[in-house]
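See below for the structure under consideration.
The values are calculated or read from the model by the stated rules, or taken from the named source; none is laboratory data. Owing to the predicted nature of the structure, the values given are computational and were not obtained by experimental measurement. FYI the Cβ positions are ideal-geometry reconstructions off the backbone, even for glycines, and counts take in every protein chain you see. Only protein heavy atoms, including side chains, enter the accessible area calculation; ligands, DNA and RNA are left aside. Shrake-Rupley method; radii C 1.70, N 1.55, O 1.52, S 1.80 Å.
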Amino acid sequence: MMGERWLGRILLLLLPFLPIALGAFVGINIGTDVTNLPEASDIVAVLKSNEITHVRLYNADAHMLKALANSGINVMVGVTNEEVLGIGEYPATAAAWINKNVAAYLPATNITAIAVGSEVLTAIPHAAPVLVPAMNNLHKALVASNLNFVVKVSTPQSTDVIPKPFPPSAAAFNSSWNSTLYQLLQFLKNTNSSYMLNAYPYYGYTQGNGIFPLDYALFRSLPSVKQIVDPNTLFHYNSMFDAMVDATYYSIEAMNFSGIPVMVTETGWPWFGGSNEPDATADNAQTFNNNLIKRVLNGSGPPSQSDVPINTYIYELFNEDKRPGPVSEKNWGVFFTNGTSVYPLSLGTSGRITGNSSGIFCVAKQGADSDKLQDGLNWACGQGHANCVAIQEGQPCYSPNTVANHASYAYNDYYQKMQGVGGTCDFQGTAMTTTVDPSYGSCKFTGSSNSSSTVTTPVASAPFSPIGGGSPTSAVLASQLKYVICTISVVLTLL
């Protein structure tokens with residue numbers, strides 16, 4: 001009995017090292033403001049078919065939690081902003097919430113974290129005084145159920161709580177939140193939990209008044225003369241994403257805390273926007289998310305914390321067409337509700353690419369004159385003999401009903417058929433070639449594969465796997481895992 005108690009204590013001491021040993025992961029958020037949201041079982045089928053192993057729910061929906069049982073998927077459940085007040089004021093409410101939404105589903109449904117509210121400090125500032133009490137009440141309820149080592153509690157915050165995030169080394173939290181943030185950081189430190197950050201380079205770029213180049217927001221390499229450098233530390237930042245994460249680490253340090261890892265609970269890029277949102281494109285969204293996946297899975301952290309992986313959740317699984325706001329707000333999803341991908345995206349441990357085959361496609365240029373686009377569309381569908389049936393009302397490529405979208409389809413159909421006999425992709429300067437397949441949903445552009453079946457790539461990657469196979473840190477991670485296993489073996493030998 002004594003030996004078992006010692007083993008139990010040692011295993012608990014080793015638990016904090018297990019996430020490090022397993023390496024970084026990329027998960028995905030599942031929003032529900034969708035007109036025709038699929039059944040929970042169908043959603044789980046999409047997750048499993050694309051080898052997605054970590055999901056974040058914005059609530060604790062019973063149908064989803066049941067459907068996720070025995071799926072092998074790690075689940076973060078959410079306390080809604082409307083629930084924070086009651087849970088913060090009444091411990092009994094917190095206990096009931098844990099019993100109903102967590103304990104009732106474990107261990108079949110692998111719930112690993114609770115996100116308390118969503119950007120509470122900036123979204124519902126009047127609830128700030130009860131935010132940390134709510135987290136404490138939930139944690140105490142987990143302790144009472146012996147689940148506190150299985151399920152971690154934190155709260156996602158916007159980068160807006162850091163007024164001046166650049167240079168990262170000079171970043172600090174908004175002082176008006178000092179009391180709440182100090183309590184929050186103390187809680188995270190005491191419970192060995194992560195600081196949850198919602199980081200959006202899309203907004204950092206579009207609201208940045210041209211200070212930073214688009215390539216910096218999209219993880220693209222910059223020429224040496226345009227490198228982004230922190231003047232205080234001389235750290236080079238290869239992406240706005242890294243700078244945002246590091247600004248958070250420095251803000252935590254400014255409050256005299258350390259050893260609290262930063263987890264990114266939301267990031268992404270919209271693939272479609274209104275006429276005043278020229279950067280919300282499928283090309284940019286595909287570039288951002290694929291580069292994000294590669295960056296996270298290399299297992300490194302930002303410059304100031306290079307040995308701490310940045311576990312990240314992409315926003316989001318489906319387009320939430322019921323969300324208010326600009327057009328882009330409704331178009332962050334990487335899948336349509338029928339399970340087809342919005343654009344090709346590297347997924348899974350097998351090196352698969354969701355979406356369609358890559359080739360050379362002819363599409364309308366961003367910002368092209370609408371009158372010239374209309375002229376080009378009319379010519380392609382008329383004298384150019386392009387097959388334009390698919391962009392007629394009721395057909396798969398009609399929506400979005402814009403001249404740019406319809407021109408892209410017509411231009412490409414003409415180009416695919418005529419390039420072999422001298423046809424070009426110009427259309428009075430309104431067209432351009434791209435290797436990014438512009439197909440989306442059931443709309444298949446000429447030259448694309450006729451299905452969303454996978455394409456095998458030479459190098460396997462694991463963007464939605466808890467183990468980042470083939471990354472530069474694989475040897476280190478394997479060594480750490482070996483250390484954990486060896487330690488357990490020694491303990492067992494001594495018993």
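For the range 264-288, filtered to residues that are within 13 Å of the chain's Cα centre (by Cα) and over 12 Å from Tyr202 (Cβ atoms), the residue that is most open to solvent (accessible area, probe 1.4 Å) is Gln286.
Of everything in the range 362-386 that is among the hydrophobic types (A, V, I, L, M, F, W, C) and open to solvent by less than 30 Å² (accessible area, probe 1.4 Å), the residue that is modelled with the lowest pLDDT is Ala386. Counting the residues of the range 156-199 that are under 18 Å from Ser258 (Cα atoms), under 23 Å from the mean Cα position of the chain (by Cα) and part of a helix (DSSP H, G or I) gives 2. The condition of being under 21 Å from the mean Cα position of the chain (by Cα) and under 15 Å from Ala247 (Cβ atoms) holds for only one of Tyr216, Tyr202, that being Tyr216. Quick one: in the range 224-239, which of the residues that are of a type in the set (A, V, I, L, M) and out of contact with any strand residue (DSSP E or B) (no Cβ under 8 Å at 6 or more places or on another chain) is modelled with the lowest pLDDT? Ranking the candidates gives Val225 first.
For the range 85-101, does any single residue satisfy the condition of being within 23 Å of the chain's Cα centre (by Cα), farther than 14 Å from Leu147 by Cα and not in a helix (DSSP H, G or I)? No.
A single entry from Gly423, Gly469 fulfils the requirement of being modelled with pLDDT under 75, out of contact with any His (no Cβ under 8 Å at 6 or more places or on another chain) and assigned to a loop (DSSP other than H, G, I, E, B): Gly469.
What about Ser304, is it outside any loop (DSSP other than H, G, I, E, B), open to solvent by 30 Å² or more (accessible area, probe 1.4 Å), in contact (Cβ under 8 Å) with a residue 12 or more places away in the chain and within 18 Å of Ala199 (Cα to Cα)? So Ser304 fits the description; yes.
Checking each residue in the range 61-90 for being over 23 Å from Asn338 (Cα atoms), open to solvent by less than 30 Å² (accessible area, probe 1.4 Å) and in contact with a helix residue (DSSP H, G or I) (Cβ under 9 Å, 6 or more places away or on another chain) picks out Val77, Val79, Val84, Gly86, Ile87, Gly88. Across the range 414-445, the number of residues qualifying as exposed (fewer than 14 other Cβ atoms within 10 Å of the Cβ), under 17 Å from Asn387 (Cα atoms) and in contact (Cβ under 8 Å) with a residue 12 or more places away in the chain comes to 1.
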